[in-house]
1. Please tell me if LEU431 is in contact (Cβ under 8 Å) with a residue 40 or more places away in the chain and either of a type outside the set (Lys, Arg) or under 22 Å from VAL200 (Cα atoms) (or both).
2. Looking only at residues that are charged (D, E, K, R) and touching a residue at least 24 places away in the same chain (Cβ under 8 Å) in the range 508-539, which one is surrounded by the most Cβ atoms within 10 Å (Cβ to Cβ)?
3. Only residues that are open to solvent by 10 Å² or more (accessible area, probe 1.4 Å) and either farther than 20 Å from PHE504 by Cα or of a type in the set (Phe, Trp, Tyr) (or both): list them for the range 404-438, please.
4. Where residues in the range 166-183 are among the charged types (D, E, K, R) and either in a loop (DSSP other than H, G, I, E, B) or under 36 Å from the mean Cα position of the chain (by Cα) (or both), which of them is surrounded by the most Cβ atoms within 10 Å (Cβ to Cβ)?
5. Check whether at least one residue in the range 516-530 is over 30 Å from LYS146 (Cβ atoms) and either in a helix (DSSP H, G or I) or at pLDDT 90 or above (or both), and report yes or no.
6. Quickly run through the range 206-254 and pick out the residues that are at pLDDT 90 or above and part of a loop (DSSP other than H, G, I, E, B).
7. Of a type in the set (D, E, K, R), farther than 27 Å from LEU293 by Cα and open to solvent by less than 20 Å² (accessible area, probe 1.4 Å): which single residue out of GLU196, GLU163 fits that description?
8. If only one of PHE359, PHE344 is closer than 19 Å to MET183 by Cα and either open to solvent by less than 10 Å² (accessible area, probe 1.4 Å) or of a type in the set (Lys, Arg) (or both), which one is it?
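The values are calculated or read from the model by the stated rules, or taken from the named source; none is laboratory data. If you're wondering where the values come from, they're calculated on a predicted model, not measured in any experiment. Here the Cβ positions follow ideal geometry from the backbone for every residue, glycine too, while neighbour counts run over all protein chains shown. Side chains are part of the model used for accessible areas, which takes the heavy atoms of the whole protein and leaves out ligands, DNA and RNA. Shrake-Rupley method; radii C 1.70, N 1.55, O 1.52, S 1.80 Å.
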Amino acid sequence: MPVGIFRVCLVVITAIVNHPLLFPKENGTVPENTEEIIQKMKEREESLRLEQLRLEQEIADQEAAQKALEKAAEVVEESKEEKVRWDMWTALSMVIFLLIELWRQDFQEGNWQDTGGEEDDMAVLGKAFKGVSFPGKAVLASFYEKRILGTTGDMARMREMVEGFADDLLEALRSVCNRDADMEVEDCMGVGSMYENWRVRKPFVCDLIVPFAPPEPYCFRSQIWCSGDSFPPDEQGYGTIKVCRADEDVTGCICDKTKLGEDMLCLLHSQANTARPSSEMEDLLCFKNTQYLDADQVMKWFQIAVTKAWNRISHKYEFDLSFSLLDSPGALKIKFRSGKSVAFNLTPVVQYENSDVYFISHFPRSSLAADLPSSTHWFLTFAVYERRFIQLVSKTLPANACHVSCLQILSFLHGKQCSLTGPSGLTNYHLKTVMLHLLQAHPSQDWAAEKLEARLQDMLKFLEKCLHEKKLYHFFIGNGKVPAELGFPIIFQRAEPLNLFRPFVLRRDVYRKTVDTFHEMLRNMSALINEYTVHIPLAHTNGIHKESL
């Protein structure tokens, strides 16, 4: 043990003695090396500090980049969520749009004809109609019996007399015409209010249409606005009539589209057939330098032909015949020696294909075709089908149904009001269209005689609603619910509905005048009816009550 302690002490002493600091004079480079080491240590420390700063900067940059990536990821996630939400709204919007489009198609096909409940109708009307006095059942019945019912017999007698004379006049017209060059005239047909038994206002005027056709070898080929070719909005409801040779290809031969050589000849069309002098087409009542039938030329020819025919048969009758209206070429008037007169309209028309739709140059006493695009445009009349539809529906209605009575009363009221405040844009054809729509919308039992008051209110409400929306659609055009028994052409059922109130959209002054006249008629309704009503007993005075139409 002591030996070990001694060895340790010896080693310590030897180390202390041999330490370099104890001999500074023997080693003079130690201090210089120390400064160099310190300098290198400082440099090392500085480089380590810079490295630390660089590493801290890189770490900060990495953290910033990480945060940017996280933020971008959040933005992408939000955009995905937003896109999902947008896609959902887009899909929902498309579904809503499709539902609206389906409803619009149903609306055009005839669902729009449904007048709805009374509460919906009442909501359409403005405050100006509240408190309007509406005649009750007893007053309406008395008015109808006193003022309207007695005119039915007069209409029947007048129709019989006019039809007999018109047949004789047309027979004479055929005899004075050149069968090889002039138009061929067919038998006349009665249309309109006189033949549908609802005309009430005098003077009574019969409307007769006279179909005509070109002489051989020519024929009429018509083109209507809904046949597939584009027609501007102001020509909706019109058509054109082309005069062609019967042996002419409908689609057109290639010789009309391609220049043939001098040594080539079309086997279908000779040169004589293709070259038509303009005078020949004018003889066929066509517009100058065209093959299209001119309505003005037709009316001039018809007036001259009627005048010649009357000169041939005038000795058989004890009355005079003359054209009564300059702006209505087919308006004729019979004048008796007693001073009485009978007016009727004889209007030439062209049949559309093999149907009972006819092209007509003008509508007597009507603004429906007041502004024709040109004299080669002809309006289409569905008067024959309208008459047949009323006759067909009447067979399913109760005895003494009130549909005609409603139309007669409404026509009388409107005519009376126009005589007081001046004419409006509303015509009897508009009133008849309203009745046709309601005939299709209401079941048969709703037209019983005792429901005259309710149905008359429905007609007024429907008419007011149409005026408010400036939309009254033609009954046949675009109506897919036309009874198949009528044999109505399908091309018109598939066409876009024709708005008869479109002129109101274009002419605000006429629309304002029409609405004011309608409002005034409602306010004067009781006074106008009571003027022609016999005394109603006191027990029935509750027949006049207040209605907010």
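1. no
2. Ranking the candidates gives LYS513 first.
3. VAL404, SER405, LYS416, SER419, LEU420, TYR429
4. My answer is ASP182.
5. Taking every residue of the range 516-530 in turn, none turns out to be over 30 Å from LYS146 (Cβ atoms) and either in a helix (DSSP H, G or I) or at pLDDT 90 or above (or both).
6. Once the filter is applied, which keeps residues that are at pLDDT 90 or above and part of a loop (DSSP other than H, G, I, E, B), the range 206-254 yields only PRO214.
7. Matching residue, one of GLU196, GLU163: GLU196.
8. PHE359
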